[in-house]
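What follows is a short report on a single structure.
The values are calculated or read from the model by the stated rules, or taken from the named source; none is laboratory data. Quantities reported herein were computed from a predicted structural model and do not represent experimental measurements. Cβ coordinates were reconstructed from backbone atoms using ideal geometry, including for glycine residues, and neighbour counts include every protein chain displayed. For accessibility, only protein heavy atoms count, side chains too; no ligands or nucleic acids. Shrake-Rupley method; radii C 1.70, N 1.55, O 1.52, S 1.80 Å.
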Amino acid sequence: MRISIRHQLSVTPPPGSAHAVLQLLLTPQGASTQSVESWSVESWSVEMAGIGNAGRFQDAYGNQVHLVNQTKPEGALLVTVKGVVETTDRHGVLGKGGVGPVPALFRRVTPLTKAPVTLYGKYRGSKDSRLDILHALMARVGETLGVIEQAQTQSQMGADGSQSQSQSQGSEAKPLPPASDYAHAFIGAARALEIPARYVTGYLAGAEEGQAPFHAWAEAYDEGLGWIGFDPLLQLCPTDRHVRLAAGLDGLSTAPIRVVPAGDGVSTIEVSVEAE
């Protein structure tokens, strides 16, 4: 699937700052499930003041990073990313290739990935295959947090770039947690069972009206297949609708924008994800 993406964000450093440094994790990489068009006028670009002098490097998790310095920033800083990504549906399987740390690193528990024993306790000592356990964990997270229905939904952008989902089933409908909560719960449960799991940010094409096109899911490691994606909010393995952006230990390590000194947070102005 050929997916065209345009994402514009705004970040405001504290008033009177002499300097501000922005870390951007907004560049997708090629993988077994996707390739970024680099030969056309629609190749991936990151635009903001100072981007021409930005430091560019690969972080410890294998993500492409822009480090942008701002001198005496005033008001909101706009960041615009756009480009075209070609995706392939491999039923969530990324495999063992690619760059990044050894899978064992992703057994590390962080404050955001502490899962209650009710999510994973019944699978301790299970003789089922790891793949079967991971699918069961995804279903268990859905049972616990709720699953998105094929109905009207509403979304609201959070300070960390995540978007919350809610069902519109009358005045009694309860809002669903953001996709980041589902990913963190799944990752915490997997790590509690000594299964390496990592947090992934990206884009979702063909989202139902009101759903969040800027999305989050998880990937877990299987000794046979390698890394496999799991989307607990949608209750499926990522398809060619998913564009992978960055991966890390949790939502903090994969935030699309981080700024020092911190200001009023990051807000999304526009996200357009269209399948062509």
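Across segment 36-109, the mean sequence separation of Cα contacts (distance under 8 Å, 6 or more residues apart), normalised by length, yields a relative contact order of 37 percent. Between ASN69 and HIS19, the contour length at 0.36 nm per residue exceeds the alpha carbon distance by 17.3 nm. Remark: relative contact order (segment 1-140) = 32 percent; criterion is Cα-Cα distance under 8 angstrom and separation of 6 or more residues. Ranked from largest to smallest solvent-accessible area, with a 1.4 Å probe on the protein heavy atoms, ASP264, ASP89, ASP222 come out as ASP264, ASP89, ASP222. In sequence order, segment 132-142 has phi-based couplings of 5, 5, 5, 5, 5, 5, 4, 5, 5, 4, x Hz under the Karplus curve 6.51 cos²θ - 1.76 cosθ + 1.60, θ = phi - 60°, and Gly or Pro positions carry x. Give the calculated FRET efficiency between ARG6 and GLU208 to the nearest 0.05, with a Förster radius of 30 Å applied to their Cβ-Cβ distance. Efficiency computed from Cβ-Cβ geometry: 0.95.
For segment 9-14, backbone phi angles converted through the Karplus equation (6.51, -1.76, 1.60; θ = phi - 60°) give residue-by-residue couplings of 10, 10, 9, 10, x, x Hz, Gly and Pro being listed as x. Each residue of segment 180-193 is assigned a 3J(HN,Hα), and the resulting list reads 4, 5, 5, 5, 4, 5, 4, 4, x, 5, 5, 5, 4, 9 Hz, derived from the Karplus form 6.51 cos²θ - 1.76 cosθ + 1.60 (θ = phi - 60°), x at Gly and Pro.
Surface exposure of the chain, expressed per residue as accessible area with a 1.4 Å probe, stands at 46 Å². Counting only the backbone N, which residues of segment 17-39 are under 13 Å from the spot 7 Å out from the Cα of GLN58 toward its beta-carbon? Counting only backbone N, you get 29-31. Here the chain has 50 percent of its accessible surface on carbon and sulfur atoms, given a 1.4 Å probe and all protein chains in place. Proximity of backbone amide H atoms, modeled 1.01 Å from N, is registered between VAL93 and GLY229 at under 5 Å, excluding neighbours fewer than 5 places apart on the same chain.
Note on the chain: along the principal axes its Cα atoms extend 58, 48, 38 Å, ordered by decreasing extent.
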